[in-house]
1. Any idea which residue in region B:101-119 is surrounded by the fewest Cβ atoms within 10 Å (Cβ to Cβ), counting only those that are in a loop (DSSP other than H, G, I, E, B) and more than 8 Å from chain A (Cβ to nearest Cβ)?
2. With a cut-off of at least 1 residues that are among the aromatic types (Phe, Trp, Tyr) and buried (at least 21 other Cβ atoms within 10 Å of the Cβ), name the helices (runs of 4 or more DSSP H) lying wholly within region A:196-277.
3. Keeping to region B:77-86, report how many residues are on the phi < 0 side of the Ramachandran plot, more than 7 Å from chain A (Cβ to nearest Cβ) and part of a loop (DSSP other than H, G, I, E, B).
4. If you scan region A:240-272, which residues turn out to be touching a residue at least 60 places away in the same chain (Cβ under 8 Å) and either of a type in the set (Lys, Arg) or in contact with a helix residue (DSSP H, G or I) (Cβ under 8 Å, 6 or more places away or on another chain) (or both)?
5. Just checking, which of A:175, A:188 is facing another protein chain (nearest Cβ under 10 Å), in contact (Cβ under 8 Å) with a residue 12 or more places away in the chain and surrounded by 21 or more Cβ atoms within 10 Å (Cβ to Cβ)?
6. Across region B:87-100, what is the number of residues that are in contact (Cβ under 8 Å) with a residue 12 or more places away in the chain and facing chain A (nearest Cβ under 8 Å)?
7. May I ask you to say which residue of A:61, A:53, A:113 is at pLDDT 85 or above and among the hydroxyl-bearing types (Ser, Thr, Tyr)?
Amino acid sequence: MPVNSSSSRLDQLHTRSDDILARWIAEQKASGAARPDLISEADLGRQCSEVLSAFLGALGSGSTDVMGPAWEGMRSSLRSVSTSRARSGWKPSETVLFVLSLKYPVIDLLEKSANLDEVIAIERLIDRLALFTADLYQQGREDVILRQQSELLELSTPVVKLWEGVLALPIIGTLDSERTQVVMETLLKALVDTGSMIAILDITDVPTVDTRVAQHLIQTVSAARLMGAECFISGIRPQIAQTIVHLGVALPDVTTKATLADAFAAALGRLGRAVVPAGSGSMRTP
Amino acid sequence: MDRVPINKVGDFLLVSLQGDIHDAVALALQEDLGNRIVSTRARLILLDISALQIVDSFIGRLIGDIAAIARLLDAEVIVAGMQPAVAITLVELGLDLKGIRTALSVESALAMAGIGARI
């Protein structure tokens with residue numbers, strides 16, 4: 001059943017669009033979906049009038065399929081509204097209410113002239129648009145989370161050069177498969193780029209070590225060894241050492257040290273260097 | 001048929017694995033290498049795999065086999081220049097080439113063998 005069975009009714013909506021807009025905004029304010037702290041009145045008005053004109057335009061096409069091409073303009077307006085709201089901290093209910101609030105002014109206006117079927121059809125349309133907006137909002141939030149996740153991944157794998165030929169990788173946070181992959185790739189790439197012979201994986205800030213994490217560490221050490229570098233693991237706290245033993249996980253062929261300092265000293269030793277007190281006689285400069 | 005070149009440099013043999021290594025090429029390489037170790041009495045083989053961008057379990061095993069053959073003939077293999085992606089693949093395949101020495105590059109392999117200065 002086409003919504004615009006009577007084009008005069010559509011004309012009516014068009015001519016009174018200013019009225020609808022004002023009532024729509026009033027409706028949002030009344031339901032607490034306007035959020036004056038997040039959006040200025042002028043911006044809200046602009047947003048609403050843009051969405052409303054897209055809505056009336058799509059309504060004029062006579063199509064009731066909100067995912068169809070006729071509603072493309074409306075969908076893209078809603079998309080920009082809901083993504084920007086997802087980013088700037090609106091609640092999901094407020095974002096959905098934004099669309100649902102449009103229902104009352106439109107239906108109020110139609111009620112006087114349209115029959116029940118037409119009113120229901122409009123109601124359905126707006127419901128579907130509201131659902132669509134909710135999905136978009138959710139998607140916007142997920143995008144934010146994904147972006148933060150990848151930023152976190154990059155942040156959490158710094159490679160520090162401690163000395164010529166010695167790299168350190170302080171690992172902070174839980175090691176899962178994805179992070180291990182990133183750690184491994186970052187480390188191996190750094191080994192090639194700097195030509196370092198020794199890498200120290202510091203796990204001081206890894207909260208727990210279970211069999212899987214241990215497996216991941218062993219993989220990283222093996223990969224580094226395959227490339228011709230040696231890997232030390234440092235920062236194993238006493239509880240972690242206990243856990244590793246109780247789990248029955250062995251770290252075979254891996255040099256482990258209690259602290260990063262110990263590992264660094266061992267690395268220097270492997271390179272044939274040592275730290276000596278200044279003025280201990282080995283200094284050549286006066 | 002393609003053959004992998006085996007170069008004698010000083011006291012050691014330099015083998016560079018490049019491109020596609022088929023079964024026949026791999027077999028020929030194992031045979032050639034064994035013969036060259038015996039004829040040159042080389043004690044050290046540098047296996048340069050820096051040009052290998054991808055590996056499979058076949059290549060992984062080939063490297064292990066070459067090392068085992070060399071060891072039987074009283075020579076040692078140093079695998080040099082493995083690419084990060086290759087290392088990750090081998091570890092995931094469970095082939096960690098235990099007991100084989102590795103080096104970041106041919107240069108550091110030479111330094112490791114203590115013959116860098118002599119060349």
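The values are calculated or read from the model by the stated rules, or taken from the named source; none is laboratory data. Everything quoted here is computed from the prediction, not taken from an experiment. With ideal geometry, Cβ positions are generated from the backbone for all residues, glycine too; neighbour counts draw on all protein chains shown.
1. If we filter region B:101-119 for residues that are in a loop (DSSP other than H, G, I, E, B), which is where we start, we get B:104-105, B:114-119.
Then keep just the ones that are more than 8 Å from chain A (Cβ to nearest Cβ); that gives B:114-119.
Numbers: B:114: 9, B:115: 16, B:116: 13, B:117: 7, B:118: 9, B:119: 9.
Taking the candidates together, the pick is B:117.
2. Details: elements: A:211-226, A:238-247, A:260-270.
Fully inside region A:196-277 and qualifying: A:260-270.
3. Kept after step one, since they are on the phi < 0 side of the Ramachandran plot, are these residues of region B:77-86: B:77-80, B:82-86.
Then drop every residue that is not more than 7 Å from chain A (Cβ to nearest Cβ), which leaves B:77-79, B:83, B:85-86.
Within this subset, residues satisfying the condition of being part of a loop (DSSP other than H, G, I, E, B) are B:83.
Counting residues in region B:77-86 that are on the phi < 0 side of the Ramachandran plot, more than 7 Å from chain A (Cβ to nearest Cβ) and part of a loop (DSSP other than H, G, I, E, B) gives 1.
4. The initial filter retains those residues of region A:240-272 that are touching a residue at least 60 places away in the same chain (Cβ under 8 Å), namely A:260, A:263-264, A:267-268, A:270-271.
Listed by number, the list holds a single entry, A:270.
5. Working: A:175 fails: facing another protein chain (nearest Cβ under 10 Å).
On inspection, the qualifying residue turns out to be A:188.
6. Here is the first cut: in region B:87-100, the ones in contact (Cβ under 8 Å) with a residue 12 or more places away in the chain are B:89-90, B:93, B:95, B:97, B:99-100.
Imposing the further condition that a residue be facing chain A (nearest Cβ under 8 Å) reduces the set to B:90, B:97.
The total comes to 2.
7. Numbers: A:61 fails: at pLDDT 85 or above; A:113 fails: at pLDDT 85 or above.
Matching residue, one of A:61, A:53, A:113: A:53.
Each row is one residue, and each column tells you yes or no for (1) out of contact with any Leu (no Cβ under 8 Å at 6 or more places or on another chain); (2) within 18 Å of residue A:229 (Cβ to Cβ); (3) polar (S, T, N, Q).
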residue	(1), (2), (3)
B:4	no, no, no
B:14	no, no, no
B:19	yes, no, no
B:66	no, no, no
B:74	yes, no, no
B:102	no, yes, yes
B:105	yes, yes, yes
